[in-house]
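Engineer: Next up is a structure, given as structure tokens.
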Amino acid sequence: MRIGVLASQGAFAEHIAILHRLEVDTVPVRLPHQLAPLDGLIIPGGESTSISRLMLSYDLMNEIRNLAKNGLPILGTCAGMILLAKEISDSDVEPIGVMDITIRRNAFGRQKDSFETDLSIPVLGEKPFPGVFIRAPVVEQTDSEVEILARLADGTSVAARQGKLLASAFHPELTNDLRFHCYFLDIVAGDQ
Ligand code: GLN
């Protein structure tokens, strides 16, 4: 199995480190030809405006959009989640736009700009997952095709799956808990 990590901007090195720990063949993706041999792709957190602009400049946007539509499994974390969404409220970022979710960027006020909280994510088992939120987005609306995998205590949706597309508002790559990445790799392998 070979997994690409979009390495235009943001926390790509942390995802690559986790994939190395899981002994997965990993490719940093900066140019379109690097997408060809992939079984799955991770779009990291960072600044969605910059990542979107770089994807357009390097001809990655359409390529990734087409691969996603043809069933390439993609995990988007934080800014990556924003980029997977079809709708982003109050923003002119051009997303890849393949998940039927509406996202609000920077959804937590200043005081809660960044925070950590234990999340219940039933698909990962009973043990709580450490949710690291950094200027995080939230999922405001979804289509019936979309499964919400995690919510905050107040009901806010912070992780979602639609087919082989997986998205989290938090940063699993900044924890030592590998279960979220393992869940994605199971989707790639067709076991989930
Ligand atoms: N606030 C960033 C954005 O809107 C996302 C933050 C992150 O990826 N940690 O793109």
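The values are calculated or read from the model by the stated rules, or taken from the named source; none is laboratory data. Since we're looking at a predicted model, the values are computed, not measured. Every residue, glycine among them, receives a Cβ derived from its backbone with ideal geometry; neighbour counts consider all protein chains shown. Heavy atoms of the whole protein, side chains included, go into the accessibility calculation; ligands, DNA and RNA do not. Shrake-Rupley method; radii C 1.70, N 1.55, O 1.52, S 1.80 Å.
Engineer: Residues of the stretch 35-46 being open to solvent by 20 Å² or more (accessible area, probe 1.4 Å) and within 13 Å of the chain's Cα centre (by Cα), which ones?
Structural biologist: 46
Engineer: Tell me which of these residue 164 doesn't satisfy, since it passes every other one: (1) open to solvent by less than 50 Å² (accessible area, probe 1.4 Å); (2) more than 16 Å from the ligand (Cβ to nearest atom).
Structural biologist: Against the list (1) open to solvent by less than 50 Å² (accessible area, probe 1.4 Å); (2) more than 16 Å from the ligand (Cβ to nearest atom), residue 164 comes up short only on (1).
Engineer: Out of all the residues in the stretch 58-101, which are away from the ligand (no atom under 13 Å from the Cβ) and assigned to a loop (DSSP other than H, G, I, E, B)?
Structural biologist: 58, 59, 60, 70, 71, 72, 73, 96, 97, 98 - these are the residues of the stretch 58-101 that are away from the ligand (no atom under 13 Å from the Cβ) and assigned to a loop (DSSP other than H, G, I, E, B).
Engineer: Further question: Can you work out which of the residues in the stretch 105-119 that are within 14 Å of the ligand (Cβ to nearest atom) and surrounded by 19 or more Cβ atoms within 10 Å (Cβ to Cβ) is nearest to residue 168 (Cα to Cα)? Give the derivation first.
Structural biologist: So the first thing to find is which residues in the stretch 105-119 are within 14 Å of the ligand (Cβ to nearest atom), and the list is 105-110, 112-116.
If we keep only those that are surrounded by 19 or more Cβ atoms within 10 Å (Cβ to Cβ) as well, we get 105, 108.
Details: 105: 13, 108: 15 Å.
Here the residue is 105.
Engineer: For the structure I just gave you, tell me whether residue 151 is closer than 17 Å to residue 43 by Cα, basic (Lys, Arg), open to solvent by 20 Å² or more (accessible area, probe 1.4 Å) and away from the ligand (no atom under 16 Å from the Cβ).
Structural biologist: Details: closer than 17 Å to residue 43 by Cα: no; basic (Lys, Arg): yes; open to solvent by 20 Å² or more (accessible area, probe 1.4 Å): yes; away from the ligand (no atom under 16 Å from the Cβ): yes.
Taking the combined requirement at face value, the residue does not satisfy it.
Engineer: Restricting attention to the stretch 28-39, does a residue exist that is out of contact with any Pro (no Cβ under 7 Å at 6 or more places or on another chain) and modelled with pLDDT under 95?
Structural biologist: Within the stretch 28-39, one or more residues are out of contact with any Pro (no Cβ under 7 Å at 6 or more places or on another chain) and modelled with pLDDT under 95.
Engineer: Any idea which of (1) open to solvent by less than 30 Å² (accessible area, probe 1.4 Å); (2) assigned to a loop (DSSP other than H, G, I, E, B); (3) within 15 Å of the ligand (Cβ to nearest atom) is the one residue 55 doesn't satisfy?
Structural biologist: So residue 55 meets the others, but not (2).
Let's see how each residue does on (1) under 21 Å from residue 160 (Cα atoms); (2) modelled with pLDDT of 95 or more:
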{"position": "41", "(1), (2)": "yes, yes"}
{"position": "46", "(1), (2)": "yes, yes"}
{"position": "59", "(1), (2)": "no, yes"}
{"position": "65", "(1), (2)": "yes, yes"}
{"position": "83", "(1), (2)": "yes, yes"}
{"position": "112", "(1), (2)": "no, no"}
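Engineer: Being within 16 Å of the ligand (Cβ to nearest atom), among the hydrophobic types (A, V, I, L, M, F, W, C) and in a loop (DSSP other than H, G, I, E, B) is the filter here, so list the residues in the stretch 1-49 that pass it.
Structural biologist: 7, 11, listed by residue number.
Engineer: Got at least one residue in the stretch 157-173 being closer than 18 Å to residue 79 by Cβ, acidic (Asp, Glu), assigned to a strand (DSSP E or B) and within 17 Å of the chain's Cα centre (by Cα)?
Structural biologist: No, the stretch 157-173 contains no residue that is closer than 18 Å to residue 79 by Cβ, acidic (Asp, Glu), assigned to a strand (DSSP E or B) and within 17 Å of the chain's Cα centre (by Cα).
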